[in-house]
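Read through the structure below, which is laid out as structure tokens, and then see the notes.
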Amino acid sequence: NGMVYMALPKILITLMKWSNPFRKILGSAGAQFILKKTLDVLASRGPDATARDQQRCQFWGEAKNANGQTAAFTLSAPNVYTLTSQAGIQIAAYCLTAHNAGGFYTPSMLLGGDFIRTLPEIEIRQL
């Protein structure tokens, strides 16, 4: 079993808590349409190059095996947009030359558990 946490802006946490009682309504087709259109307008542009260069994302994760042993790590990476594009390019390049069976693969299933370590500016620390 494992869990990963990511820091979120306080306003987003507040909105998530506020919306919890309305989950059923917010999940309706009409509400989803309105929410998606609103999000398209508000978040259609990601951060600019300067912001991407200055921002980093931080993750903390802990895993526990059946014997109760735990391992905890932190991962610091470039801005999520940068990280996603770097990983996507490497995965696409691999897929152009690989001869894997078809189907669904996570990046670690396709390229191994240490794939994230091959990306630039990744810092992993065991706690």
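Structure above, values below:
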| quantity | calculated |
| --- | --- |
| Matching residues in segment 68-87 - criterion: being open to solvent by 40 Å² or more (accessible area, probe 1.4 Å), closer than 20 Å to Arg52 by Cα and out of contact with any Lys or Arg (no Cβ under 7 Å at 6 or more places or on another chain) | Val80, Thr84, Ser85, Gln86 |
| For Gln58: the one exception among (1) under 23 Å from Pro47 (Cα atoms); (2) touching a Lys or Arg at 6+ places or on another chain (Cβ under 7 Å); (3) not β-branched (Val, Ile, Thr) | (2) |
| Answer residue from segment 88-100, given it is of a type in the set (A, V, I, L, M) and open to solvent by 70 Å² or more (accessible area, probe 1.4 Å) and is farthest from Ile122 (Cα to Cα) among those | Leu96 |
| For Leu15: the one exception among (1) aliphatic (A, V, I, L, M); (2) open to solvent by less than 60 Å² (accessible area, probe 1.4 Å); (3) over 24 Å from Gln126 (Cα atoms) | (2) |
| Which numbered condition Gln32 misses (of (1) under 29 Å from Ile122 (Cβ atoms); (2) more than 15 Å from the chain's Cα centre (by Cα)) | (1) |
| Number of the condition not met by Phe59 [criteria: (1) assigned to a helix (DSSP H, G or I); (2) of a type outside the set (Val, Ile, Thr); (3) closer than 26 Å to Ile124 by Cβ; (4) open to solvent by less than 80 Å² (accessible area, probe 1.4 Å)] | (1) |
| Flag for Tyr105 being part of a helix (DSSP H, G or I), open to solvent by 60 Å² or more (accessible area, probe 1.4 Å) and of a type in the set (Phe, Trp, Tyr) | no |
| Segment 18-34 - residue that is in a helix (DSSP H, G or I) and of a type in the set (S, T, N, Q) and, of those, surrounded by the fewest Cβ atoms within 10 Å (Cβ to Cβ) | Asn20 |
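The values are calculated or read from the model by the stated rules, or taken from the named source; none is laboratory data. Bear in mind the structure is a predicted one, so any value in this text is a computation, not a measurement. As a convention, Cβ positions derive from the backbone with ideal geometry for all residues, glycine included, and neighbour counts pool all protein chains shown. We work out accessible area using only protein heavy atoms, side chains counted, and drop any ligands, DNA or RNA first. Shrake-Rupley method; radii C 1.70, N 1.55, O 1.52, S 1.80 Å.
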